[in-house]
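A short reminder: the numbers here are calculations on the coordinates, not readings from a lab. Since the model is a prediction, treat every value here as computed from it, not as a measurement. When we count neighbours, we look across all protein chains shown, and the Cβ atoms used for this are built from the backbone with ideal geometry, even at glycine.
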Amino acid sequence: MLKQYFSILTLLFLLGCLPTKPAVEVAPPTLSTAECNLYSEAFELTRVSTGNRVRDILVGCDGSGRRIARANQIKYQRIQADTPFPENVARGGGDQKEIFRRLILRGTPPSVAESLSRTEAFVTASDTIA
């Protein structure tokens with residue numbers, strides 16, 4: 001019995017010494033200056049309208065290298081799935097829909113995203129997305 005115990009421990013030790021495959025790091029898309037300007041505007045409008053400083057809105061634009069936490073990603077995805085496109089965005093085409101989605105997926109409240117969708121900054125950002 002003791003011999004089996006040591007055999008199992010040895011096996012577990014050896015398995016722990018095996019090299020592991022490194023996690024694949026997916027680089028976030030490169031954001032244009034126009035898109036970052038829109039996110040800065042979204043951050044300020046969100047702060048003013050809700051009193052919250054939702055830093056996820058600025059990810060990729062603030063130079064921190066930070067990523068959105070998985071729990072927040074899930075929360076934002078649910079909100080985005082439940083948020084219809086405003087009429088002007090639905091008519092605007094794929095790039096405007098993508099920018100609107102990105103706003104919501106960064107934590108911008110739908111009401112703020114909708115008001116931003118009527119701005120020149122929104123149109124400019126949608127013209128520059130990769």
Evaluate the distance, in nm, between pseudo-label points positioned 7 Å from the Cα of residue 55 and of residue 36 along their respective Cα→Cβ axes.
1.7
Please list the non-local residues whose amide H lies under 5 Å from the amide H of residue 129, H modeled 1.01 Å from N, same-chain partners needing a gap of 5 or more.
none
Which ordering of 79, 104 is given by a fewest-first count of other beta-carbon atoms within 10 Å?
79, 104
